[in-house]
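Report on the following structure.
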Amino acid sequence: MDLYEALYTTRAMRRTSTEPVPREVIAAMLDAAVRAPSGSNAQNWRFLTVTDQPTKERLGPLYRESWEALNTTVYSGARERARAAGDDRSLRMLNSSDWLAENFEQIPLWLMVFSRNDPSGASIYPAVWNAMLAARGHGVGTCLTTILGMFRQSETFEVLGVPADKGWTLNAAVSAGYPTGRWGLATRKPAHLVAFADRWDQPLPFTIDEPLWQEG
């Protein structure tokens, strides 16, 4: 796959089929992850693949509790505001997030990502993105979620046997599976509306009115 096609079309794909993700794809995701930049080359990361159905059935309720907690805190009132504004895109995102929570156990692969001594995430999140790009190259859709670590980390550690006294943090739970929707460019504000040159609020000397990569 062309590098720019992967960069421009790797977006959150929450709805997937139940078709298993082949071992060679999981291997490609993990091998790409460990090739990412790592501060001081410390490689203070651990990756845990979850395909075992009983394990997913223990994690599913924790994920739904976390999603509910997010909806009553950070996302409180988000649906009402989106409906009032006619913001269909945000409503679709929330609905697909609902689907992911409701169908946690049916997602064929969850990649649990842990780090240590990386408080900013500067080392671990490039590794996560590498794994997601590798999945895209094999036609597998992914979605980066952080709510298990935010709201149910200790319970998740217990389910997965993660030592609680070694300084590990659950940075992400990445869903992975063959998407039921189609790939495509995500709609975004153009870069010149969210980027400056040299000083805050000083505009770039150019505009990017259309994506610089287009689907063929």
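Please compute the modelled spin-label separation between TRP99 and GLN53, points set 7 Å along Cα→Cβ, answer in nm with one decimal.
So the two model labels end up 2.3 nm from each other.
Given N residues in the stretch 28-111, what is Rg(Cα) / (2.2 N^0.38 Å)?
1.44
Extension gain PHE196-ARG83, at 0.36 nm per residue separation less the Cα-Cα distance, in nm?
Extending this stretch completely gives an extra 37.5 nm.
Rounded to a whole number, what is D in µm²/s for the stretch 1-72 from Stokes-Einstein with the Kirkwood radius over alpha-carbon pairs (20 °C, 1.002 mPa s)?
Answer from the Stokes-Einstein relation: 136 µm²/s.
Just to compare against my own numbers: the Cα pair-distance distribution for the chain, 5 Å bins, whole % per bin, please.
The distribution over the chain is 1, 6, 13, 16, 17, 18, 14, 9, 4, 2, 0, 0, given as percents.
If packing is taken as the average number of other Cβ atoms within 10 Å across a peptide's residues, how do 202-212, 102-112, 26-36, 176-186 rank, most packed first?
Those peptides, ordered most packed to least, come out 102-112, 26-36, 176-186, 202-212.
Need the full-extension length gain, SER90 to ARG11, defined as separation in residues times 0.36 nm minus the C-alpha distance. One decimal, nm.
Fully extending the segment from SER90 to ARG11 adds 27.0 nm.
To the nearest 10 degrees, how steep is helix 23-33 against the longest Cα principal axis of the chain, on a 0 to 90 scale?
Taking the Cα atoms of the chain, the angle to 23-33 is about 60 degrees.
Got the relative contact order for the chain handy, in percent, Cα pairs under 8 Å and 6 or more residues apart?
With pairs under 8 Å counted, the relative contact order is 35 percent.
Given just the C-alpha atoms of the stretch 134-216, how large is their convex hull per residue in cubic angstrom? Display every interim value, and only then the final one.
Values: hull volume 16.5 nm³, N = 83.
Roughly 199 Å³ of hull volume per residue.
What is the angle, in °, between the Cα long axis of helix 88-102 and the longest principal axis of the Cα atoms in the chain? Nearest 10 is fine, range 0 to 90.
The angle comes out near 10 degrees.
Give, in nm to one decimal, the length gained when the segment between THR146 and ALA164 is fully stretched (0.36 nm per residue of separation minus the Cα-Cα distance).
This chain segment gains 4.7 nm when fully extended.
Take the alpha carbon atoms of the stretch 150-185, find their center, do the same for the stretch 24-65, and report the distance between the two centers in whole angstrom.
So the two Cα centres are separated by 7 Å.
Every read-out reported here was derived from the displayed coordinates using simple, explicitly stated rules and does not represent laboratory data. Worth saying up front: this structure is predicted, and the values here are computed from it rather than measured. Note that each Cβ is placed from the backbone with ideal geometry, even for glycine, and that neighbours are counted across all protein chains shown.
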